[in-house]
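Each remark here refers to the structure printed beneath this line.
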Amino acid sequence: MKNLSVAVVGGASGFGREIAVMMNEQGAKAVTVIDANFEGAQETVALIEKAGGTAFAIKADIASKENAHASFHAAVKAMGRVDSMVNCAAIYPRAPLLEITDDQWDIENAINIKGTYHMCVAAINHMRTRVDGENIAGRIVNITSVDAFKAHPQNAHYAATKAAVVSLTRSFASYVAADQILVNSVAPAGMATDRVLQAGTLPEMAAANPLGRGAKPREIAEWVLIAASNRNTYMTGEQIIVSGGYVYA
């Protein structure tokens, strides 16, 4: 990540915060945290600054095209440019398959699909202005989920949105390959984040995993960093599944 300016969408807590902090640890020039939870984004920024890094917090509702693009432009203004962006913003409600309401579908689609789409478009419009025909113009990493590849009757609406992001990732990767923009996704299995621990679902996840445990957030974040960093010069359109054997691609 050395000398790269990075935007982490959904970096106010949990896995997104882990990614933002690790970006700084690995030498990012600056990190901007974009999140509807501004207080949490500021806390992430404080952690990065305490470690000697440079970071900025931006509040945004990415479900709105206008707000999503404005937040990205604010990140560009704060850092001078955005070299890599990680889309980690998502909501994860559970509901029985036959009882999902229109409101639940709408909010899932708005954040997990539309929000990711809007942020990708904003990033591409910025990154493709820097194409020189040889060097990588930018990198985008979308966080999906193993739920996109497995049957999940207790949160089918969430799983469906993550499958949609897998498809979007491939489409974006194909569309901007000539612009030297690399677009990939990382699909984690159950992680031991604060949200999962509070929900009490980690034992269930661990029992279903061949390794017998949930992932540490840093174990997944390592793969995000590889895809988003200047170490990645040739991989695009890939779905990187990091599941401890829960899903075999």
- [ ] Kindly rank 112-125, 59-72 from highest to lowest mean number of other beta carbons found within 10 Å of each residue.
- [x] 112-125, 59-72
Task: Positive-end extreme of charge dipole, the chain - chosen from 136, 163, 116 (charges on Cβ) - done: 136
- [ ] Provide the descending list of Cα extents for the stretch 101-172 along its principal axes, expressed in whole angstroms.
- [x] 47, 23, 14
- [ ] Report, in deg cm²/dmol and to the nearest 500, the calculated mean residue ellipticity at 222 nm for the chain, where each DSSP H run with n ≥ 4 adds -39500 (n - 2.57) and the sum is divided by the residue count.
- [x] -13000 deg cm²/dmol
Open item on the list: Springs between alpha-carbon pairs under 10 angstrom, Gaussian network model over the chain: which of 182, 211, 225 fluctuates most?
Closed with: 211
- [ ] Provide, for q = 0.15, 0.20, 0.24 Å⁻¹, the log10 of I(q)/I(0) from a solvent-free Debye sum over equal Cα point scatterers in the stretch 13-117.
- [x] -0.64, -1.01, -1.32
Task: Dipole magnitude of the chain, debye to nearest 20 (Cβ charges: Lys/Arg +1, Asp/Glu -1, about Cα centre) - done: 560
Open item on the list: So if I place +1 on the C-beta of Lys and Arg and -1 on the C-beta of Asp and Glu, and nothing else carries charge, what would the dipole magnitude of the stretch 28-76 be about its Cα centre? I want it in debye, nearest 20.
Closed with: 180
- [ ] Classify the chain as rounded, prolate or oblate from the Cα gyration tensor: take a ≥ b ≥ c as the square roots of its eigenvalues, call it rounded if a/c is under 1.5, otherwise prolate when a/b beats b/c and oblate if not.
- [x] rounded
Open item on the list: What is the angle, in °, between the Cα long axis of helix 217-228 and the longest principal axis of the Cα atoms in the chain? Nearest 10 is fine, range 0 to 90.
Closed with: 40
TODO: Would you mind giving the three semi-axes, in whole Å and largest first, of the ellipsoid equivalent to the stretch 139-249 according to its Cα gyration tensor?
DONE: 26, 16, 11
- [ ] Give 150/216; 50/114; 2/150; 65/162; 59/162; 29/150 a once-over and call out the pairs whose C-alpha atoms are over 30 Å from each other.
- [x] 50/114; 2/150; 29/150
TODO: Rank-order 22-32, 228-238 by packing density, defined as the average count of other C-beta atoms within 10 Å over each peptide's residues, highest first.
DONE: 22-32, 228-238
Task: Solvent-accessible surface ranking, highest first, for 107, 34 at 1.4 angstrom - done: 107, 34
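The values are calculated or read from the model by the stated rules, or taken from the named source; none is laboratory data. All values derive from a computational prediction rather than experimental measurement. Cβ atoms come from the backbone with ideal geometry, glycine included; neighbour counts cover every protein chain shown. When the accessible area is computed, the model is the full protein with side chains, heavy atoms only, and any ligands, DNA or RNA have been set aside. Shrake-Rupley method; radii C 1.70, N 1.55, O 1.52, S 1.80 Å.
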